[in-house]
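Contents: one structure, followed by commentary.
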Amino acid sequence: MANTMTSPYELPGADIDGFEDLVELALDLSGTWKHATDRIWRELDGTLWELTHNPWAVLQTVSRERLARVLAEPAFRDRLKALIRAGREQSGVASWFEQRYPQAPFTSVAYFSMEFMVSEALPIYSGGLGNVAGDQLKAASDLGVPLIGIGLLYQQGYFRQLIDGKGYQQALYPYNDPGQLPITPLRTPDGEWLRLEIVLPGYSVWLRAWQARIGRVTLYLLDSNDVANYPAHRGITSELYGGNAELRLKQEMVLGIGGWRLLEALDLHPQVCHLNEGHAALVVLERARSYMQRADTDFKTALTVTRAGNLFTTHTAVAAGFDRFSPALVTQYLKRYAEQQLKITLDELLALGRSRPACQDEPFNMAWLACRGCGFVNGVSQLHARVSRHIFAPLFPRWPTPELPIGHVTNGVHMPSWDSAPADELWTRACGKARWLGCDESLTRSIRNIDDEALWRFRTEASRVLIEQLRHRLARQRATSGASLQEIEDARQLFDPSIMTLGFARRFATYKRPNLLLHDPQRLKALLTHSERPLQLVLAGKAHPADTAGQALIQQWVEFIREADVGHRVVFLSDYNMQLTEQLVQGVDVWLNTPRRPWEACGTSGMKVLVNGGLNISELDGWWAEAYRPEVGWALGDGREHGEDPAYDAHEADALYELFEQEVLPAFYTRDQANIPLGWVARMRESMARLTPEYSTNRSLPEYVARYYLPAAEAWGARSADNGALGQEIVTRRQRLDQHWSDVAFESVSVDSGDHQHWFRARVKMGELLPGELLVELYADASRGDSGVCQPMSCSVQPTRHNNVAVYETRLASCRPAGDFTVRLRPSPDGLLGILEEPRILWQH
Ligand SMILES: *Cc1c(COP(=O)(O)O)cnc(C)c1O
């Protein structure tokens, strides 16, 4: 039931018949990816819709007369009713998840993220991280995975960008009027606005709660802009990624601690808690605190039980990317929480965020805390997981990095959000309407059946639409920055639909090398102005307001465009956001990505062109390191890391020019009699057919379910059963290890070789520990074509009361010299969450 009472503003047409359907549609963000819904809003107010893509603002703005007239049209009402019906029917049918896991061990997963990119109308995102979060919620709605989003409502969101005539970036902070956002205040059954209290040093902070609906999924948002708050606290949620470390810590307290309290206030008890990046790490403390209270137990036991249900997804490829707070700041903000709520000492708290717990000046690292508090950790691509195992190595001293417990789920994007209306039609014709609603193996085959002519027509039409949009956008951009009428008029002539369009839009950070193409301006200019095979280039991207180096890169482009006099072939558009992304990924021929390997953890923008038939040229980093095949696009780099070596950058820039000159442009401009570039279309087809299903959330979300949500829910179920009996047992077991581990040692290791066998025997001083509590393994590294060996040894002589030495032995075929092997020993992993939970290990010296 729509509740028009929830808007702080009066809605002009509230009493008109059919209006409640519009409200229902406007407040359901799943409409944002249904092309048929766009038509409804366009009809009500085309201009406002194009400018905002905010249905709620449209509803608040349109006149009564207009609403009454449109709602009186039977055809409009029919379409509206059909959309509402389709939404409700979808909620009624058994989803992919219900069919696939009828007995699932979880009823909900709480998904915590500092940002969510769901819709242009809800500007609470910055970039890639928010994109992953938003697409995860959207896919959960489509697939019926019971996810609950938890985030913050920022009064100003992330900064908005204006680029002045000299190429300087100006940061703007327009106010997000919550009354105009497609969200509603969260009210208790008796109508009271739900407010939560968290304690900061000296004061309480009141948090207001909001909800956004995304089909079957709800996203809850907290904000601190409550009149009851001390003025300094009203601004905690003012800005995403702004302010200093202190503000960031306060925001993270609101997200982690406030977020879990919100779930409790709503009587929601998710079995699994998914931390999207370390910003949300404080939730592991609050979840444990709430468990302490419910099970009447101590923090250690509570963390042992709750950890089993926590998953941490890390997104950065450099250690400097983690949030770290000074011990003084943590003391100021969390000492009382630790002592009074968690009943632990400040030092115990600080130790959870340090690699060396006793090191007093080591900062408090949110990723370390997340690792300590989660039973599962993953990176966002295969390469990123490998890199992460190195970054997290300080938490696992003496472990071989390949064994570190960091898995991966390569990101995918929610295809229905990024496809154009014509792409939607093309895919629907080839693969049916339900193609993104579950695993469908036949997509690849169906797309391969589309003929050259249809594919090329689709692509040329997309180019035409993009160029129109770019002209419009550039004209507006120029008009608002005081350009002359001539300049505004020129914007309407921008680009040529018959020329190949290259897109490059992303955060302007130095590791992404947005200026790689500028390495040799003359050579670039020659590419742009080639008489037969020219190139046109559209650029966009923001640099964080504190990142002066990133801002200089923007300026460098603006200067190049002016000085090389290539304004008809290159354009830099300001204020890169979701709407601009949509236009670009739907229309460009080629998408370029030039990060320094391995610093792009995954990257998602390149995945958004797949469904629309765009091709990728990218460094072999992140997702492209997995996806690239010569049949689907082009690769830059040799698949190795070269650091920040300027000579290598120069080498790659040369390789990039050459790629354009020798391969990409000739492929685009080599046509058959019907003017179709057959080689190009073949690549398009393979890229669409093979990569689109693979790099969609239709693949990645089911992977999260199978690899993490199900095991985490099961582990949490086992540990929390019988009031946490298993959790308690694990704590006791680990306490014995704390006491006696230092007495464990190798007394001797011997090997007998012969008869094509090695026979290893290890004598181990056990202290008080019993053979069942330890695991002894024979280990050899993988090297020179030999695969690694890790073979358990069995206890052949038990320790006795007089002689607490046990003997372990094993035999193996002597394919490798005995000297390759080492014996190692660790606590028995049975029933534990692997190395993550129990990283102790001892090696034969
Ligand atoms: C998709 C997207 C991103 C993430 O793209 P990368 O490939 O990680 O650079 C960032 N910002 C916006 C607006 C996007 O739409």
Accessible area in the full protein assembly, largest first, 1.4 Å probe, for THR297, THR345: THR345, THR297
What does the charge add up to near THR410, with Lys and Arg as +1, Asp and Glu as -1, over the other residues with Cβ less than 14 Å from its Cβ? -3
Taking the radius of gyration and the Kirkwood hydrodynamic radius from Cα positions alone, what is the Rg/Rh ratio for the chain, to two decimal places? 0.99
Counting each pair of different Cα atoms once, what's the Kirkwood radius of the stretch 19-92 in Å, rounded to one decimal? 12.3 Å
Which net charge results when you count Lys and Arg as +1 and Asp and Glu as -1 among the other residues whose beta-carbon is under 11 Å from that of VAL387? 0
Mind listing the Cα extents of the stretch 576-657 along all three principal axes, in Å, largest one first? 36, 29, 24
From the Cα centre of the stretch 404-467 to that of the stretch 671-720, the distance in Å is 10 Å
Where the eigenvalues come from the Cα gyration tensor of the stretch 324-428, what are the semi-axes √(5λ) of the equivalent ellipsoid, largest first, in whole Å? 38, 20, 11
For helix 327-336, report the angle its Cα long axis makes with the longest principal axis of the Cα atoms of the chain; keep it between 0 and 90° and round to the nearest 10°. 80 degrees
Through the Karplus equation 6.51 cos²θ - 1.76 cosθ + 1.60, θ set to phi - 60°, convert the phi angles of the stretch 262-272 into ³J(HN,Hα) values in whole Hz; use x for Gly and Pro. 4, 4, 5, 4, 8, 6, 9, 10, x, 7, 10
Within the under-13-Å Cβ sphere about LEU832, not counting LEU832, Lys/Arg +1 and Asp/Glu -1 give a net charge of +1
Be a star and scan the stretch 476-497 for residues whose amide nitrogen sits under 14 Å from the point 7 Å along the Cα-to-Cβ vector of LEU172. 476-483
Excluding ligands and nucleic acids, what accessible area in Å² is computed for ASP78 using a 1.4 Å probe, to the nearest 10? 100 Å²
Run the Debye formula on the Cα coordinates of the stretch 136-202, all scatterers equal and no solvent, and tell me log10 I(q)/I(0) at q = 0.17, 0.23 1/Å. -0.97, -1.12
Orientation-averaged projected area, Cα convex hull of the stretch 528-581 (nm²): 4.4 nm²
Quick check: from the Cα gyration tensor, does the stretch 473-596 come out rounded (a/c under 1.5), prolate or oblate? rounded
Entries in LYS250/LYS608; LYS81/LYS608; LYS250/LYS512; LYS166/LYS525 that, when Cα-Cα distance is taken, lie over 23 Å: LYS250/LYS608; LYS81/LYS608; LYS250/LYS512
Cα extents of the stretch 258-393 per principal axis, largest first, Å, are 42, 33, 22
The stretch 73-161: radius of gyration and largest Cα-Cα distance (Dmax), Å: 16.6, 48
Taking a probe of 1.4 Å and leaving out DNA, RNA and ligands, the chain shows per residue an accessible area in Å² of 40 Å²
Ordering VAL664, VAL749 by the accessible surface of their heavy atoms, 1.4 Å probe, largest first, yields VAL749, VAL664
Given the protein chains as shown and a 1.4 Å probe, how many square angstrom of HIS472 are accessible, to the nearest 10? 120 Å²
How much of the accessible area of the chain, probe 1.4 Å, is carbon plus sulfur, in whole percent? 50 percent
Taking 0.36 nm per intervening residue step and subtracting the Cα-Cα distance, what contour gain separates LYS765 from ASP296 on full extension? 165.0 nm
Taking 0.36 nm per intervening residue step and subtracting the Cα-Cα distance, what contour gain separates TYR101 from ARG39 on full extension? 18.7 nm
Which angle between 0 and 90 degrees, to the nearest 10, do you get for helix 382-391 versus the longest principal axis of the chain when only C-alpha atoms count? 50 degrees
Gain in length, ASP190 to GLU461, computed as 0.36 nm per residue apart minus the alpha-carbon separation, to one decimal in nm? 92.2 nm
Gyration tensor (Cα only) of the stretch 324-377 to equivalent ellipsoid, semi-axes in Å sorted down, yields 17, 14, 9
³J(HN,Hα) across the stretch 751-759 via Karplus (A = 6.51, B = -1.76, C = 1.60, θ = phi - 60°), whole Hz, x for Gly/Pro? 9, 10, 10, x, 6, 6, 9, 10, 10
Mean projected area, convex hull of alpha-carbon positions in the stretch 447-695, reported to one decimal in nm², is 13.2 nm²
Quick one, can you get me the convex hull of the C-alpha atoms of the stretch 237-309 expressed as volume per residue in Å³? 97 Å³
THR47, THR331, reordered so the largest accessible area comes first (probe 1.4 Å): THR47, THR331
Reported to the nearest 10 Å², GLU453 has, with a 1.4 Å probe, an accessible area equal to 90 Å²
Selection of trypsin sites (Lys or Arg not before Pro), the stretch 646-705, meeting DSSP coil and at most 16 other Cβ within 10 Å: ARG671
Alpha-carbon Debye profile of the stretch 543-683, log10 I(q)/I(0) at 0.11, 0.15, 0.17, 0.19 Å⁻¹: -0.49, -0.95, -1.23, -1.49
Could you give the radius of gyration (one decimal) and Dmax (whole number) of the Cα atoms in the stretch 607-719, in Å? 19.1, 69
Excluding the sites themselves, what is the longest stretch of the chain that contains no chymotrypsin sites (Phe, Trp or Tyr not before Pro) in a DSSP loop with at most 16 other C-beta atoms within 10 Å? 176-845
Treating the Cα atoms of the stretch 744-843 as identical point scatterers in vacuum, please give the log10 of the normalised Debye intensity I(q)/I(0) at q = 0.10, 0.11, 0.20, 0.25 Å⁻¹, two decimals. -0.29, -0.35, -1.02, -1.34
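The values are calculated or read from the model by the stated rules, or taken from the named source; none is laboratory data. Given the structure is predicted, the values throughout are model-derived calculations rather than measurements. Heads up, the Cβs are rebuilt from the backbone with ideal geometry, glycines too, and the neighbour counts pull from every protein chain shown. Each accessible area value is taken on the protein alone, full model and side chains, heavy atoms only, with ligands, DNA and RNA left out. Shrake-Rupley method; radii C 1.70, N 1.55, O 1.52, S 1.80 Å.
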